[in-house]
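The values are calculated or read from the model by the stated rules, or taken from the named source; none is laboratory data. Only a predicted model underlies this, so the values are computations on that prediction, with no experimental measurement involved. In this analysis, Cβ positions are derived from the backbone assuming ideal geometry, glycine residues included, and neighbour counts consider all displayed protein chains. With ligands, DNA and RNA removed, areas are computed over all heavy atoms of the protein, side chains included. Shrake-Rupley method; radii C 1.70, N 1.55, O 1.52, S 1.80 Å.
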Amino acid sequence: MKNFLSVDDVSSIPSLVDRALGYKADPFKQDTLGRHKTLGMLFLNPSMRTRISTQVAARNLGMEVVVFNIDKEGWKLEFADGAVMSEGTSEHVREAAAVMGQYFDILAIRTFPALKDREEDYSEQYISQFVKHAGIPVLSLESATLHPLQSLADIVTISECWKEKRKPKVVMSWAPHVRALPQAVPNSFAQWINAWDKADFVIAQPEGYELDEKFTRGAVVMHDQAKALEGADFVYVKNWSSYADYGQITCTDASWMITPERLRNTNRARIMHCLPVRRNVVIADAVLDSADSIVVQEAGNRVWAAQAVLGEILTAF
Ligand code: CP
C-alpha cells in the first residue's frame, strides 16, 4: 500500500480486517516495524478519535509522531495553482507539502470540505495536492468526501460482532442534526460495505438526501425509515447534508431520530455511529445507553484500523 485515501488503495479488505484484529489481540507484536520512522499528522480541522487512535497505533508500531494543527499554528495555506498570493494566504501547498516530505516518512492529513462548491470539494484538491507534492505516502484522516480509517474500523466492528453464516442486514440511516455536515462518513461507509460485499446494505434517508452514486453503487435506498429498519442486524446512524442541494439542510424531521420505538422491528440491531454524536437529536439516550449500542467498541477499533493501515504502508517501504 502506497497511499491510503479510499478503499481503492486496499488490495484485500478481509486481509486488512484480519491484520487489524491481529493487532487487537496482540498490540505490540510488530513494535519495531516503525523504528526510526516518523508519522506527521496534519490537522486542518478538529478531531479527537482519529487523532488519538492514529497516534496510539503509530506508537504501537514503534513510530515517532509529530502532530501539527496547521489551522491554528501554521501559516495559512494557498492551494490554487498560479495564485497571486497578495491577500490572506502566506505559504503555497507546493512548498509546505514538499517540506513535510523532508521531515516525515508518512504524512497523515485531515481536511474537511467547505460545503459551498460541490465540484471543488469532490475534486479532493486539498489532499490531492499533498499527495502530489509531499513525495511520501499520504494517509487520509478524513478528506472532503471520504473517511476510510473510520470505514475500516466499522467493517472490523461488524466482522467481530457477526458470527452467523448468513449476511447481516446493515442499514445506514440518516438522522437529524442542527448543523450541515459533510457526506464523507456515509460516502465512505457505502463505498467500503459495497466493496466488502459481505452484507445486505440498505440506505434509509429522506428524499433529497441521495449520496453520490459513485459511492453508493446500486445500494437499496428507502425513504421510509421504519420499513428500512425491519429485520436490520446493524443500524449505522449518521447525519449528512444534501448532495443534490449541496451542503444544505433540507429536512429537519425529528421523527428520523433513532429511538427504541424506531428499532422495535429490527433483529435486536447493534447500533453504530462514528461519533461525536448529539444525544437526543441524532440518537436517543435510551439507545446509546443500551446494551445494543456498540459505538464505543467501534471507536476503540479505530486504533486497530489505523495500525493495520500503517503496518501495511511500513511493510511496503
Ligand atoms: N469519528 C471521528 O472521525 O471522530 P473525530 O472527529 O473525533 O476524529
Positions within the stretch 222-239 being within 21 Å of the chain's Cα centre (by Cα) and not in a loop (DSSP other than H, G, I, E, B), in sequence order: Phe234, Val235, Tyr236, Val237, Lys238
Index of the failed condition, Phe28 passing every other in (1) more than 16 Å from the ligand (Cβ to nearest atom); (2) aromatic (Phe, Trp, Tyr); (3) buried (at least 18 other Cβ atoms within 10 Å of the Cβ): (3)
The stretch 284-298: number of residues that are under 20 Å from the mean Cα position of the chain (by Cα) and among the small types (Gly, Ala, Ser): 1
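Inspect all residues belonging to the stretch 100-120 and state whether any of them is open to solvent by less than 10 Å² (accessible area, probe 1.4 Å) and among the charged types (D, E, K, R).
No; the residues of the stretch 100-120 include none that is open to solvent by less than 10 Å² (accessible area, probe 1.4 Å) and among the charged types (D, E, K, R).
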Single condition Val99 does not satisfy, out of (1) in a helix (DSSP H, G or I); (2) within 16 Å of the ligand (Cβ to nearest atom); (3) not basic (Lys, Arg): (2)
Residue among Ile203, Ile249 that alone is touching a strand residue (DSSP E or B) at 6+ places or on another chain (Cβ under 7 Å) and either in a loop (DSSP other than H, G, I, E, B) or buried (at least 17 other Cβ atoms within 10 Å of the Cβ) (or both): Ile203
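Let's see how each residue does on (1) of a type outside the set (Gly, Ala, Ser); (2) more than 29 Å from Phe104 (Cα to Cα):
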| position | (1), (2) |
| --- | --- |
| Arg279 | yes, yes |
| Ala291 | no, yes |
| Val296 | yes, yes |
| Val303 | yes, no |
Residue list for the stretch 206-222, filter: loosely packed, with under 14 Cβ neighbours inside 10 Å, of a type outside the set (Asp, Glu) and closer than 20 Å to Ile258 by Cα: Gly208, Val220
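When the stretch 162-181 is examined, which residues are found to be in contact with a helix residue (DSSP H, G or I) (Cβ under 8 Å, 6 or more places away or on another chain) and either of a type outside the set (Phe, Trp, Tyr) or part of a loop (DSSP other than H, G, I, E, B) (or both)? Can you show your working first?
First, pick out the residues of the stretch 162-181 that are in contact with a helix residue (DSSP H, G or I) (Cβ under 8 Å, 6 or more places away or on another chain): 168, 170-176.
Result: Pro168, Val170, Val171, Met172, Ser173, Ala175, Pro176.
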When residues of the stretch 121-153 are limited to those that are among the aliphatic types (A, V, I, L, M) and assigned to a helix (DSSP H, G or I), the one surrounded by the fewest Cβ atoms within 10 Å (Cβ to Cβ): Val131
Residue pairs meeting the criteria (Cβ under 9 Å; at least 6 apart or on separate chains; first farther than 12 Å from Ala299 by Cα and within 16 Å of the ligand (Cβ to nearest atom), in the stretch 147-170; second acidic (Asp, Glu) and open to solvent by 30 Å² or more (accessible area, probe 1.4 Å)): Pro148/Asp9
Among (1) touching a residue at least 60 places away in the same chain (Cβ under 8 Å); (2) away from the ligand (no atom under 15 Å from the Cβ); (3) of a type outside the set (Lys, Arg), the one test that Glu73 misses: (1)
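Select from the stretch 260-279 the residues that are touching a strand residue (DSSP E or B) at 6+ places or on another chain (Cβ under 8 Å) and part of a loop (DSSP other than H, G, I, E, B) and write down the one among them that is most open to solvent (accessible area, probe 1.4 Å).
Out of the qualifying residues, it is Asn267.
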In the stretch 66-102, the residues that are more than 26 Å from the chain's Cα centre (by Cα) and among the aromatic types (Phe, Trp, Tyr): Trp75
Residue that is most open to solvent (accessible area, probe 1.4 Å) [pool: residues in the stretch 37-68 that are within 13 Å of the ligand (Cβ to nearest atom) and assigned to a loop (DSSP other than H, G, I, E, B)]: Met48
Set Val237, Val185, Val287, Val282: member being in contact (Cβ under 8 Å) with a residue 24 or more places away in the chain, touching a Lys or Arg at 6+ places or on another chain (Cβ under 6 Å) and surrounded by 19 or more Cβ atoms within 10 Å (Cβ to Cβ): Val185
